[in-house]
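S.K.: Could you have a look at this structure, given as structure tokens, before my questions?
A short reminder: the numbers here are calculations on the coordinates, not readings from a lab. Note that the structure is predicted; figures quoted are calculated from it, not measured. Backbone-built Cβ (ideal geometry, glycine too); neighbour counts: all protein chains shown.
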């Protein structure tokens with residue numbers, strides 16, 4: 001048999017991650033590592049665990065955030081305020097490659113779990129501190145939740161309509177920090193492969209989202225004023241907006257250059273004179289005359305059904321999309337055609353979940369593990385450390401583990 005047809009090991013097979021994590025930023029980062037084959041041991045409080053478990057009950061009684069960010073992990077419920085709990089964690093770390101935490105600023109240091117202290121004790125360990133605003137500066141100890149960081153980083157100021165700023169509909173600051181932590185771990189593991197040493201990795205939600213604000217930041221710093229809030233329209237490109245159709249659904253289209261505008265005017269709007277009209281011929285002119293530009297597009301598309309509009313736009317080579325909701329995403333034909341759905345186990349039974357976005361060589365899709373119950377793996381992990389049933393029972397009785 002051709003070796004290329006044999007299943008390949010996952011990139012992070014053999015890597016063990018211990019995470020003292022909660023909410024979204026650290027859990028989403030470690031879920032990416034689990035998706036690539038790492039063993040992720042999630043350390044939770046015995047009295048309720050990761051507080052994201054209680055955000056809602058939308059997924060057959062489970063919280064949607066938790067299900068999304070925690071598949072493929074093992075859960076140990078451990079009281080880190082108790083000396084015996086910290087000793088167990090230290091024993092887990094002795095055989096681990098990566099540690100990730102996103103406790104409140106200062107909490108990890110008080111427990112001796114900050115990256116610098118851990119790396120001094122375990123030189124091969126990659127230790128990741130995820131914080132709201134970083135370890136120093138005037139905001140270091142400020143409470144940081146996703147929407148608050150979206151506001152501080154200016155994302156809310158450039159999102160919404162001219163009349164109303166709005167937050168992003170997803171936890172953008174959490175996701176930004178998670179993905180930089182994920183890539184930081186991969187980089188640190190590569191460096192360890194050369195030097196033999198791990199080291200600290202530091203990521204803040206604020207820094208991550210400030211980086212994502214690059215376009216409006218540079219536009220505002222050097223252009224004199226920030227880009228305007230324009231709803232679903234683009235602030236500096238026109239037409240790039242959502243337009244009504246005859247049967248109701250909105251269709252978005254984007255014209256990226258003047259050649260595309262010419263095709264739109266001639267083949268979709270059926271107004272070829274607009275291609276050379278000084279008010280529309282260039283993107284600068286179309287943006288300056290956005291009301292007139294959008295009105296011309298609205299007049300044409302409102303006489304077509306959404307299906308007709310999309311067909312006409314695609315035939316003309318104009319980028320377009322339907323404005324879908326979450327129900328349309330769940331039933332999206334592209335996801336179905338590419339077999340992007342699979343089932344995972346959970347305390348509430350089998351759940352549909354999307355495959356990881358990273359497709360490995362040969363089209364291999366990493367298997368996704370179950371969503372863990374709180375403390376589901378406590379006993380197995382303690383026994384693997386050499387503890388007896390009696391010792392585990394004593395720890396449970398004293399509330400050190402659950």
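S.K.: Given the peptides 260-267, 225-232, arrange them by the average over their residues of other C-beta atoms within 10 Å, most packed first.
M.R.: Order by mean packing, descending: 260-267, 225-232.
S.K.: How much length, in nm to one decimal, is gained on full extension between residue 222 and residue 311, taken as 0.36 nm per residue of separation minus their Cα-Cα distance?
M.R.: 28.1 nm
S.K.: Turning to a different aspect of this structure: At R0 = 22 Å, how high is the FRET efficiency between residue 124 and residue 83 if r is their beta carbon distance? Nearest 0.05 is fine.
M.R.: Once the sixth-power term is evaluated, E becomes 0.30.
S.K.: May I ask what percent, to the nearest 5, of DSSP beta bridges between residues of the chain are antiparallel?
M.R.: Taking every DSSP beta bridge within the chain, about 40 percent pair in antiparallel fashion.
S.K.: Could you order peptides 32-45, 296-309 by the average number of other Cβ atoms within 10 Å of their residues, highest first?
M.R.: The peptides rank, most packed first, as 32-45, 296-309.
S.K.: Then there's this: Taking the Cα atoms only, what angle lies between the long axis of helix 83-94 and the longest principal axis of the chain, rounded to 10 degrees?
M.R.: 70
S.K.: Which of the peptides 113-119, 141-147 is most tightly packed, and how do the rest follow, going by the mean number of other Cβ atoms within 10 Å of each residue?
M.R.: Going by the mean number of other Cβ atoms within 10 Å, highest first, we get 113-119, 141-147.
S.K.: Here is a follow-up. What distance in nm separates the simple spin-label points at residue 90 and residue 151, each placed 7 Å from Cα in the Cβ direction?
M.R.: Computed distance between label sites residue 90 and residue 151 equals 4.2 nm.
S.K.: Semi-axes of the equivalent ellipsoid for the stretch 1-151, please: Cα gyration tensor eigenvalues, times 5, square-rooted, ordered largest first, whole Å.
M.R.: 26, 21, 16
S.K.: Can you give me the distance in nm between label points at residue 47 and residue 270, each placed 7 Å from the Cα along the Cα-to-Cβ direction?
M.R.: Taking the two extended label points, one gets 7.1 nm.
S.K.: Under a crude label model (7 Å from the Cα following the beta-carbon direction), how far is residue 13 from residue 288 in nanometres?
M.R.: Distance between label points: 6.2 nm.
S.K.: For the chain, set up a GNM with springs between Cα atoms under 10 Å and report which of 123, 162, 347 has the largest fluctuation.
M.R.: For the chain, modelled as a Gaussian network with Cα springs under 10 Å, the answer is 162.
S.K.: Over the chain, with a Gaussian network built from C-alpha contacts below 10 Å, which listed residue (87, 74, 270) shows the highest mean-square fluctuation?
M.R.: Top of the fluctuation ranking is 270.
S.K.: Please identify, among 184, 349, 49, the residue showing maximal mean-square fluctuation in a Gaussian network model of the chain using a 10 angstrom Cα cutoff.
M.R.: Looking only at 184, 349, 49, the biggest GNM fluctuation is shown by 349.
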